[in-house]
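Peer 1: The structure is given below, and queries will be raised subsequently.
The values are calculated or read from the model by the stated rules, or taken from the named source; none is laboratory data. These numbers come from a predicted model, not from an experiment. Note that each Cβ is placed from the backbone with ideal geometry, even for glycine, and that neighbours are counted across all protein chains shown.
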Amino acid sequence: MGVLVVNNLRKTFKKNSLLGFKKEEKKVLKGISFEVFEEIFGFIGPNGAGKTTTIKVIMDFVKPDSGEILIFGKPNSDISVKQNLGFLPERPYIYGSITGEEYLDFCADVYGIPYYERKRKFAELLELVNLTGVEEQPISSYSKGMVQRLLFASTLINDPDLLILDEPMSGLDPVGRNIIASVMKMLKEKGKAVFYSSHIIQDVERLSDRVAIIVDGKIKLLDSVANIVQEFLRGYVITVRKRGSSSLEVLKVGVDELWQLLERLKSEGYEIISVEPDRLSLEEILVSYIQENRRAG
Amino acid sequence: MKRLLVAFLLVVVSIPFMLKADKSKPRVNEVAPVLPYSYSQVLLSSPGLRSPAADLLFMNLCYLTGNDVFNRWKERKFTEEEWKRLIENVEVIEKLDPYYFDPLYYLGSYVPWKVEKNRELLLRINSILLQGNRRVKDWRLPFFVGFNYFYFLGDKVKGAKYLKLASQMKGAPSYLKLLVPRLYAESGRINLAIAVTYEELKRAKEEPVKKELKRRLKALIAMKELDRALELYRRRFGKCPSDLKELVKSGIIMSIPEDPYGGKFYIEKGKCSVWTTSNLRPVKEPTSSR
Amino acid sequence: MNPFPVAKITFEELLKEKSFIGLLTLEVFLLFVSKLISNVVAGDTVKVAMDFALSFFFFTVALYSVFVSVGSTFRDVSDRVVYLILSKPLKRSDYVIGKFLGCTLAVALFTFLSFFIVTSGILTISSTANLYVPHVVVVERVFLLSLLVFLMGVFLSAFGILFAILFTSQVLALISAIFLFLAGLELSPVKELVVSSKYVSPVNKLIVQIAYYLFPNFSLFDVKDYVVHLAIKVSPLFFASVFIYSLIYTSAVLLVATYLFDRREL
């Protein structure tokens, strides 16, 4: 069984109008199911598709109408599961008046980390996200990216087995994104599970083992990145140059005809410069799902 | 920078209009009347602020009285109705802050002189003072009550009773103990007045008040001298003189002293005692240039 | 149950808030105002200065507790700090209790510093006043008043947290808490006036009586007169019962707050 199991999640938000006569209902989640193992699991979808709501339900901030969530085999309302969990909300914020060290101290207090271990642990974490030396300054003096990196580091203080991140990449510069991506990879190598949502699809494609695409409260696609790439492969683009000539030629070929073509080109005396897959990117797949959904709706 | 300058200029330009409007603004009558305050209204409008409310009421009262004393209102003095309201306001203050001494002191030392003709108000003042004396243990409160009975209400027995009560309390001056028996013997109105004035003079801080008290003391002492002379005259001739000049003629006194308030001393016929046309209040002096 | 980490970080945060130092400065300023007002009055100026200084002290602490508890709790929810905190192995009730304890610590420190400011102010005023009968200031009585004011601040903090959870608008929560405080102060006088009045119907008298029993009675914490007038005596039993009353009522308010927060969607 997976580290995180989400089973048939449904959630409706009710909005009472002023006098309470007419109740507006909005179905946000329409039966979401997936399972996360020791891997990096990307959760993508357009704005308003239900990514954040799903994560709030997983974290027990919001109660679902129906459905079941198991973390490490226990229901998510069990406080003990959070002992081995790390969570970073979307656009995270912490009081500007306290220092970075005071916040890390708070986290260490919660997990009962003894005082003699703290100094070493904090140094390690800050090193990981490239923030060494700023821990004694108030958080209000940090840039937005620094706050996000600090809070990301603080989620690792209890050495969690499952990390849940809501849009960890947004608001970060490329360097910051790289830092977080490398930490995520490192965690995966240690056998931890990372579940994260993002709308920066290139990152998801690069990082994730598996992705789920959520559109309008339903999961449209759930598969490994490798499989998706295979499935949506249309062919290859081959760049060649005739021996002796200086100009390049670009050829397109179907999936099955690649080898035949290569053999033929070789025999005809072409030099092969590059062979690239011609496929739908994750982004194009997402866009096609959204458009499909719009036509249906 | 330019914009700031223009803004400043605009403000400057607006000033004449403000002045014009201020001049032609409808004004309320500058005479502040004494308003009656209701205990429950003051209490409910100042949650948790009973004592400061009492302080502010007392300040208001002092301010109004000051206007009356120093003739700020030109031709106007408090009416009897307004004195009644002042007394009631002191009652409200004492309900709000039952341990507050100064309003009681004001009520006992100043107000009776202003309502001396009104028995009802005098009795009311006495009852407020006695009510206050249950909590505020100060000898001056029964002293004022006794004084009122003696001097204004003419009840010597009750007056002496409360003066005795005052003389027995902590902090009472020793001469009060001497005064009480003598007051029993004599009619003693002026003696009592002198004693009170002297006591006030000891407490006073501000120079104008001191000056006023000294003036009263001077007038009272003069009246006491004249009273003694009248007594002598009566003993010698067996009748009351018809005029103070007769006292000089008969050689009992050298001359008739001047009333520092600018009035003239005269003999009250029925009682055969001295009083003054100024009523111990400054007389508007007939302009001396005339 | 582990509310202490939240209490600690709340306290650390609140101490560095501008309102802390700002309201303390205001208190110093109000002492000068009290002195100025007392100059106007005839007679015992120290009494009047104390009346005003202690009232300002009383209301500053009340305002501070309301601002701090409502502001801090409300900001946590609206700025998503609460997600960071609740993602850790803390129960929601831990968060509410921790928040309350943090506010209590901040109010305690604030009251303590105010006590020093007010006491030194009053002592200075009384020693420089030019009176025939000096007005004696008993510091122990000011301290006892400060203890009660602190209890009141704690009581109000609990209400502040409750209202911050209950309402979805910070202004509404603040105003409700302040009105609750003022109404709690008025309760005793209203009951006194209504019950003794001939013009109030028995039904209304009953309503007022019921409200008097159930509504938080903030006028109990107001013993300013006891500080100003040395003639007033108060038994230790009074202080003991006020302490127990606020302890029980505060716990009740916190229970409701945890109940509501457990059911709240964040």
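Peer 1: Restricting to helices (runs of 4 or more DSSP H) lying wholly in region B:32-133: which have 1 or more residues that are among the small types (Gly, Ala, Ser), over 30 Å from C:Leu180 (Cβ atoms) and at pLDDT below 90? If you could, list the steps in order and put the result at the bottom.
Peer 2: Values: elements: B:39-45, B:50-69, B:80-96, B:102-109, B:111-114, B:119-133.
Fully inside region B:32-133 and qualifying: B:50-69, B:102-109.
Peer 1: Looking at B:Arg228, is it in the same structural domain as B:Phe265 (by TED's automatic domain parsing), part of a helix (DSSP H, G or I) and more than 19 Å from the chain's Cα centre (by Cα)?
Peer 2: Yes: the conditions hold for B:Arg228.
Peer 1: Cβ-Cβ below 6 Å, separation at least six or inter-chain, first residue in region B:80-108 and under 20 Å from B:Leu49 (Cα atoms), second buried (at least 21 other Cβ atoms within 10 Å of the Cβ) and aromatic (Phe, Trp, Tyr): which pairs?
Peer 2: B:Ile93/B:Phe58; B:Pro103/B:Phe58
Peer 1: Go over the candidates C:Val142, C:Val203, C:Val195 one by one and state the one that is crowded, with 19+ Cβ neighbours inside 10 Å, aliphatic (A, V, I, L, M) and part of a helix (DSSP H, G or I).
Peer 2: Answer to the selection: C:Val142.
Peer 1: Pick from A:Glu68, A:Glu102, A:Glu38, A:Glu136: which is in a loop (DSSP other than H, G, I, E, B), among the charged types (D, E, K, R) and surrounded by 13 or more Cβ atoms within 10 Å (Cβ to Cβ)?
Peer 2: From the options A:Glu68, A:Glu102, A:Glu38, A:Glu136, the qualifying one is A:Glu38.
Peer 1: Now, a different point. Listed residues B:Leu61, B:Leu56, B:Leu43; which is among the hydrophobic types (A, V, I, L, M, F, W, C), within 11 Å of chain C (Cβ to nearest Cβ), free of Cβ contacts under 8 Å to residues at least 24 places away in the same chain and surrounded by 19 or more Cβ atoms within 10 Å (Cβ to Cβ)? Lay out the reasoning, then the answer.
Peer 2: Numbers: B:Leu61 fails: free of Cβ contacts under 8 Å to residues at least 24 places away in the same chain; B:Leu43 fails: free of Cβ contacts under 8 Å to residues at least 24 places away in the same chain.
The unique qualifying residue is B:Leu56.
Peer 1: Name the residues in region B:128-165 that are over 18 Å from the mean Cα position of the chain (by Cα) and within 23 Å of B:Asp97 (Cβ to Cβ), would you?
Peer 2: Scanning region B:128-165 gives B:Leu130, B:Gln131, B:Gly132, B:Asn133, B:Arg134, B:Arg135, B:Val136, B:Lys137, B:Asp138, B:Trp139.
Peer 1: Let me ask you something else. Of the residues that sit in region C:213-266 and are away from chain B (no Cβ under 14 Å) and of a type in the set (Asp, Glu), which one is farthest from the chain's Cα centre (by Cα)?
Peer 2: C:Glu265
Peer 1: Separate question: What number of residues in region B:130-143 are of a type in the set (Phe, Trp, Tyr) and crowded, with 24+ Cβ neighbours inside 10 Å?
Peer 2: 1
Peer 1: Here's a follow-up. Counting only residues that are assigned to a helix (DSSP H, G or I) and in contact with a helix residue (DSSP H, G or I) (Cβ under 7 Å, 6 or more places away or on another chain), which one in region A:106-120 is farthest from the other protein chains (Cβ to nearest Cβ)?
Peer 2: The initial filter retains those residues of region A:106-120 that are assigned to a helix (DSSP H, G or I), namely A:106-111, A:115-120.
From what's left, in contact with a helix residue (DSSP H, G or I) (Cβ under 7 Å, 6 or more places away or on another chain): A:106-110, A:118.
On the way: A:Phe106: 4, A:Cys107: 7, A:Ala108: 9, A:Asp109: 4, A:Val110: 5, A:Arg118: 13 Å.
It comes out as A:Arg118.
Peer 1: Further question on the same structure: From the list B:Ala166, B:Ala172, exactly one residue is over 22 Å from B:Arg50 (Cα atoms), buried (at least 17 other Cβ atoms within 10 Å of the Cβ), out of contact with any Leu (no Cβ under 9 Å at 6 or more places or on another chain) and modelled with pLDDT of 75 or more. Which is it?
Peer 2: Every option except B:Ala172 fails the conditions.
Peer 1: Out of all the residues in region A:59-103, which are within 10 Å of another protein chain (Cβ to nearest Cβ), of a type in the set (Val, Ile, Thr) and in contact (Cβ under 8 Å) with a residue 12 or more places away in the chain?
Peer 2: Residues satisfying the conditions are A:Val62, A:Ile94, A:Ile98, A:Thr99.
Peer 1: Something else about it: From A:Met146, A:Met184, A:Met169, grab the single residue that is assigned to a loop (DSSP other than H, G, I, E, B), touching a residue at least 12 places away in the same chain (Cβ under 8 Å) and more than 11 Å from chain C (Cβ to nearest Cβ).
Peer 2: A:Met169
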